[in-house]
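The values are calculated or read from the model by the stated rules, or taken from the named source; none is laboratory data. Computed from a predicted structure; not experimentally measured. Neighbour counts run over all protein chains shown; Cβ positions are idealised from the backbone, glycine included. Just so you know, the surface numbers come from the protein's heavy atoms only, side chains and all, with ligands and any DNA or RNA stripped out. Shrake-Rupley method; radii C 1.70, N 1.55, O 1.52, S 1.80 Å.
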Amino acid sequence: MIDQQMTLRGGAARLPVRPRTGRLLVLAAVFVCAACGLVYELELVALASYLIGDSVTQASVVLSVMVFAMGIGSLLAKRLRCRAAVGFGMIEAALALIGGSSALVLYASFAWLGDSQYALVGFSLAIGVLIGAEIPLLMTLIQRVDRQDAGGAVADLFAADYVGALVGGLAFPFLLLPMLGQLTGALFTGAVNAAAGGALVLWVFRHDLSPRSRWLLVLANVSVIAVLATATVLVDDFERAARRAVYGDQVRVAVQTGVQEVVVTGADRDSLGLYLDGRLRVSARDEYLYHEALVHPAMNGPRARVLILGGGDGLAAREVLRYRDVRAITVVELDPAVTRLARTDPALSELNGHAFRDPRLTVVGADAFPWLRADHGRYDVVISDLPDPGITASTKLYSAEFYGLIAEALAPDGRLVVHAGPLGSRPQTFWTVEASVRAGGLATRPYRVTGRYAGFAASPDRGGGEGRQREDWGFLLAAPGEAPQAALAAGGPEPRSLRGRELREGARAAAEARLPGMLPSTLVHPRYWEDA
């Protein structure tokens, strides 16, 4: 049997190169195509997480549908083995077009149709079928180039496939995203995919192609690359049009940072809107009410040292700076682009009262969780102005372990305040936050404040403009020992829009709306979901 397998080695097809060289070229094509395939998968997961939210669910949908579709593609490819060269060339052209344009179409469906879930599933299915069809055809091609036992051919193919996947997986976050962005990165990957697949078939296996098949492949690959190149040239115009469809006509700043997409709308401070990854974070129409409700209840008591987690827009810091006896404020913000924008954008800096010019304020660019693990002293007040707890990326910042770190950072008579999401529309999430704070060793007092417009500050609502439906914001005031009852007696120094009576009424309303039996969220057992 061994002797019989050894005699299989040697050229088995008429090639323009030596069999061993042809085998290396096939494996190089496998490497490139595998890298491109993984980039398509990661592109879908990343964009779906941004557009739809809940990255765990989106990753599960994309990967499970894609793996299932790969099995279907492998079965369908059995019918193409008799014409493996032309079949592989056409599959790579189709994969390059579909995979390269997937991010563009997904974003367009979100911007103009308002829903990208069906497009996500469709692209995952189509890309999976095409990727699954590659290996059977490549197995046939590599055997035609340099016959060897099936086990050795499979080992070579999968080695090149897995190494290519590694390179593609690393290139996506470290090269493609920072250098090209999501849309252009996908288009570039598609062009590389088409070039690699077309070059392999049209050169190495050109003797296997009829004149008609050869011209068909040339036309298909040239057309695909031309479409992707045209889309690349027009991608900036497309992004501007899509942003106008999502955010309205007054988009003034749009920046893709290493953390998120930051968009500022409105011509001045009175019409300003700040969006982070498509979620409305700041609306000038209602932000005073929100930030007064967030900050001032926690400021009743010692307040010499204040820590703000998040709040890179400077609006919470503006409210803290109204207290003259505050000696030091530390703002811990993950994305330095947000704080830079808050310093330099005329409308946003005017809205935050030029808070970053105050010498009492220090900005730290860091993830709040590991930053708290280091000993930075004790704080009289900790203000948690973080992204919404329903966003998967922020669940660790609403875990019992995180609140345990905050409890260690609080002075014995210190206070913590947390924005825990809309109490009325998302009660399960709110009371899960409350249970997590208590599990971290702090006593709590929940309260709610009703705003004028829906969709503000950490709401999962997306899209241009603000709804006119009244929305509530849910907060938690917490402290070591007994629950901080007296802190809701007043709304701060000369409040613009908030009174102590509203806070006390909000506390009573929150107590009446309590959901008993909610379990805390932990790092190993996150319990948040978007229940809006």
- Task: From the list Leu157, Leu234, pick out the single residue that is farther than 17 Å from Ala93 by Cα and either open to solvent by less than 40 Å² (accessible area, probe 1.4 Å) or in contact with a helix residue (DSSP H, G or I) (Cβ under 6 Å, 6 or more places away or on another chain) (or both).
- Result: Leu157
- Going through (1) open to solvent by 10 Å² or more (accessible area, probe 1.4 Å); (2) modelled with pLDDT of 95 or more one by one, Gly100 fails only at (1)
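Residue-by-condition table, conditions (1) open to solvent by less than 10 Å² (accessible area, probe 1.4 Å); (2) within 27 Å of Ser425 (Cβ to Cβ); (3) touching a residue at least 60 places away in the same chain (Cβ under 8 Å); (4) among the β-branched types (Val, Ile, Thr):
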| residue | (1), (2), (3), (4) |
| --- | --- |
| Leu351 | yes, yes, yes, no |
| Val382 | yes, yes, yes, yes |
| Asp388 | yes, yes, yes, no |
| Leu397 | no, yes, yes, no |
- Message: Please pick out the residue among Val433, Val524 that is at pLDDT 65 or above, within 24 Å of Val320 (Cβ to Cβ) and β-branched (Val, Ile, Thr).
- Response: Val433
- Item | Glu401 being touching a Gly at 6+ places or on another chain (Cβ under 9 Å), crowded, with 16+ Cβ neighbours inside 10 Å, of a type outside the set (Lys, Arg) and part of a helix (DSSP H, G or I) | yes
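Matching residues to (1) part of a loop (DSSP other than H, G, I, E, B); (2) within 23 Å of Gly278 (Cβ to Cβ):
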{"site": "Arg324", "(1), (2)": "yes, no"}
{"site": "Val332", "(1), (2)": "no, no"}
{"site": "Ala337", "(1), (2)": "no, yes"}
{"site": "Ala342", "(1), (2)": "no, yes"}
{"site": "Gly353", "(1), (2)": "yes, no"}
{"site": "Trp371", "(1), (2)": "no, no"}
{"site": "Ile383", "(1), (2)": "no, no"}
{"site": "Asp388", "(1), (2)": "yes, yes"}
- Query: Just wondering, is there one or more residues in the range 484-498 that are at pLDDT 70 or above and surrounded by fewer than 17 Cβ atoms within 10 Å (Cβ to Cβ)?
  - Reply: no
- Message: Could you tell me how many of the residues in the range 380-424 are more than 15 Å from Val524 (Cα to Cα) and polar (S, T, N, Q)?
- Response: 1
- Message: So if I check each of Ala196, Ala231, which one is more than 22 Å from Arg144 (Cα to Cα), part of a helix (DSSP H, G or I), hydrophobic (A, V, I, L, M, F, W, C) and in contact (Cβ under 8 Å) with a residue 24 or more places away in the chain?
- Response: Ala231
- Restricting attention to the range 163-182, does a residue exist that is at pLDDT 90 or above, buried (at least 22 other Cβ atoms within 10 Å of the Cβ), part of a helix (DSSP H, G or I) and among the aliphatic types (A, V, I, L, M)? no
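With the structure loaded, tell me whether Gly152 is open to solvent by 10 Å² or more (accessible area, probe 1.4 Å), of a type outside the set (Lys, Arg), in a helix (DSSP H, G or I) and touching a strand residue (DSSP E or B) at 6+ places or on another chain (Cβ under 7 Å) or whether it fails that test. Spell out how you get there, then give the answer.
Values: open to solvent by 10 Å² or more (accessible area, probe 1.4 Å): yes; of a type outside the set (Lys, Arg): yes; in a helix (DSSP H, G or I): yes; touching a strand residue (DSSP E or B) at 6+ places or on another chain (Cβ under 7 Å): no.
For Gly152, the condition - open to solvent by 10 Å² or more (accessible area, probe 1.4 Å), of a type outside the set (Lys, Arg), in a helix (DSSP H, G or I) and touching a strand residue (DSSP E or B) at 6+ places or on another chain (Cβ under 7 Å) - is not met.
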- Message: Condition first: open to solvent by 40 Å² or more (accessible area, probe 1.4 Å) and under 21 Å from the mean Cα position of the chain (by Cα). Now tell me which residues in the range 240-250 satisfy that.
- Response: Arg240, Arg244, Ala245
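Mind listing just one residue for me: the one in the range 56-70 that is open to solvent by 40 Å² or more (accessible area, probe 1.4 Å) and farther than 13 Å from Val121 by Cβ and, of those, farthest from the chain's Cα centre (by Cα)?
Met70
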- Item | Candidate set from the range 196-222 (those that are touching a helix residue (DSSP H, G or I) at 6+ places or on another chain (Cβ under 7 Å) and of a type in the set (Gly, Ala, Ser)); member that is farthest from Ala94 (Cα to Cα) | Ser213
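Within 25 Å of the chain's Cα centre (by Cα), of a type in the set (Gly, Ala, Ser) and farther than 21 Å from Thr257 by Cβ, is that true of Gly164?
Values: within 25 Å of the chain's Cα centre (by Cα): yes; of a type in the set (Gly, Ala, Ser): yes; farther than 21 Å from Thr257 by Cβ: yes.
For Gly164, the condition - within 25 Å of the chain's Cα centre (by Cα), of a type in the set (Gly, Ala, Ser) and farther than 21 Å from Thr257 by Cβ - is met.
In the range 404-430, how many are part of a helix (DSSP H, G or I), over 21 Å from Pro516 (Cβ atoms) and touching an Asp or Glu at 6+ places or on another chain (Cβ under 9 Å)?
Narrowing the range 404-430 to residues part of a helix (DSSP H, G or I): 404-409, 427-430.
Imposing the further condition that a residue be over 21 Å from Pro516 (Cβ atoms) reduces the set to 404-409.
Narrowing further to those that are touching an Asp or Glu at 6+ places or on another chain (Cβ under 9 Å): 408-409.
Residues flagged as part of a helix (DSSP H, G or I), over 21 Å from Pro516 (Cβ atoms) and touching an Asp or Glu at 6+ places or on another chain (Cβ under 9 Å) within the range 404-430 amount to 2.
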- Item | Every residue from the range 108-135 that is part of a helix (DSSP H, G or I), surrounded by fewer than 22 Cβ atoms within 10 Å (Cβ to Cβ) and either in contact (Cβ under 8 Å) with a residue 12 or more places away in the chain or more than 25 Å from the chain's Cα centre (by Cα) (or both) | Ala108, Ala111, Trp112, Gln117, Ala119, Val121, Leu125, Ala126, Ile135
- Message: If I ask for residues that are touching a residue at least 60 places away in the same chain (Cβ under 8 Å) and under 29 Å from the mean Cα position of the chain (by Cα), which ones from the range 408-429 would you list?
- Response: Leu416, Val417, Val418, His419, Pro422, Leu423, Gly424, Ser425, Arg426, Pro427, Gln428, Thr429
- Any residue at all in the range 314-324 that is at pLDDT 90 or above, open to solvent by 50 Å² or more (accessible area, probe 1.4 Å) and out of contact with any Phe, Trp or Tyr (no Cβ under 6 Å at 6 or more places or on another chain)? yes
- Note on the structure: All conditions in (1) farther than 28 Å from Leu51 by Cα; (2) modelled with pLDDT of 90 or more are true of Asp385 except (1)
- Item | Scan of the range 416-441 for residues that are within 14 Å of Phe402 (Cβ to Cβ) and open to solvent by 10 Å² or more (accessible area, probe 1.4 Å), ordered by number | Arg438, Ala439, Gly440, Gly441
- Which pairs do you get when a residue that is touching a residue at least 12 places away in the same chain (Cβ under 8 Å) and under 13 Å from Val433 (Cα atoms), found in the range 505-516, comes within reach of a residue that is surrounded by 12 or more Cβ atoms within 10 Å (Cβ to Cβ) and not hydrophobic (A, V, I, L, M, F, W, C), reach meaning Cβ atoms under 7 angstrom, with the pair 6+ apart or on two chains? Leu515/Pro427; Leu515/Gln428
- Query: Somewhere in the range 355-364, is a residue touching a strand residue (DSSP E or B) at 6+ places or on another chain (Cβ under 8 Å), charged (D, E, K, R) and touching a residue at least 60 places away in the same chain (Cβ under 8 Å)?
  - Reply: no
- Task: Would you please name the residue that is modelled with the lowest pLDDT, looking only at residues in the range 499-509 that are open to solvent by less than 50 Å² (accessible area, probe 1.4 Å) and touching a Leu at 6+ places or on another chain (Cβ under 6 Å)?
- Result: Leu503
